[in-house]
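Here it is, the structure, as structure tokens.
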Amino acid sequence: MEKEAKKEAFRKYLESSGVLDALTKVLVALYEQNDKPSSAVEFVQQKLGGPTLAEYEKLQADLSDLQMRHNELLASHQEKCRECEELKNTHVQVQASLKENVEEEASNLIPKGV
């Protein structure tokens, strides 16, 4: 009994969301085709707004290219972050060294015993 209730709830969901209507329209369109397409699945996909197989393959290739580009940019970004950190550390060391030199020169300028 519970299984039937689940089926009925699912059917109502498909009906209320417009899926049944959309599928019915596509199947009627396929039925009314004088020259049946070689791929009924591709026909249904196209009618429902999905990409053709060629479009899908191109999208997959584009995705692959974009993933490689993303990885390249990420590696470049990480390298630039390392370089930035090195420059920051060098800057801190130079500042400390300059401060030390200024303090040393300043102490040399002040006469001893004053």
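The values are calculated or read from the model by the stated rules, or taken from the named source; none is laboratory data. If you're wondering where the values come from, they're calculated on a predicted model, not measured in any experiment. Here the Cβ positions follow ideal geometry from the backbone for every residue, glycine too, while neighbour counts run over all protein chains shown.
Would you confirm whether any residue within segment 22-45 is outside the structural domain of GLU8 (by TED's automatic domain parsing) and under 32 Å from the mean Cα position of the chain (by Cα)? Working first, answer last.
Narrowing segment 22-45 to residues outside the structural domain of GLU8 (by TED's automatic domain parsing): none.
Within segment 22-45, none of the residues are outside the structural domain of GLU8 (by TED's automatic domain parsing) and under 32 Å from the mean Cα position of the chain (by Cα).
Starting from residues that are touching a residue at least 12 places away in the same chain (Cβ under 8 Å) and of a type in the set (Gly, Ala, Ser), keep the ones in segment 1-38 and report whichever is surrounded by the fewest Cβ atoms within 10 Å (Cβ to Cβ).
The qualifying residue surrounded by the fewest Cβ atoms within 10 Å (Cβ to Cβ) is ALA29.
Would you mind stating whether LEU48 is modelled with pLDDT of 95 or more, surrounded by 10 or more Cβ atoms within 10 Å (Cβ to Cβ) and of a type outside the set (D, E, K, R)?
Working: modelled with pLDDT of 95 or more: no; surrounded by 10 or more Cβ atoms within 10 Å (Cβ to Cβ): yes; of a type outside the set (D, E, K, R): yes.
In short, no.
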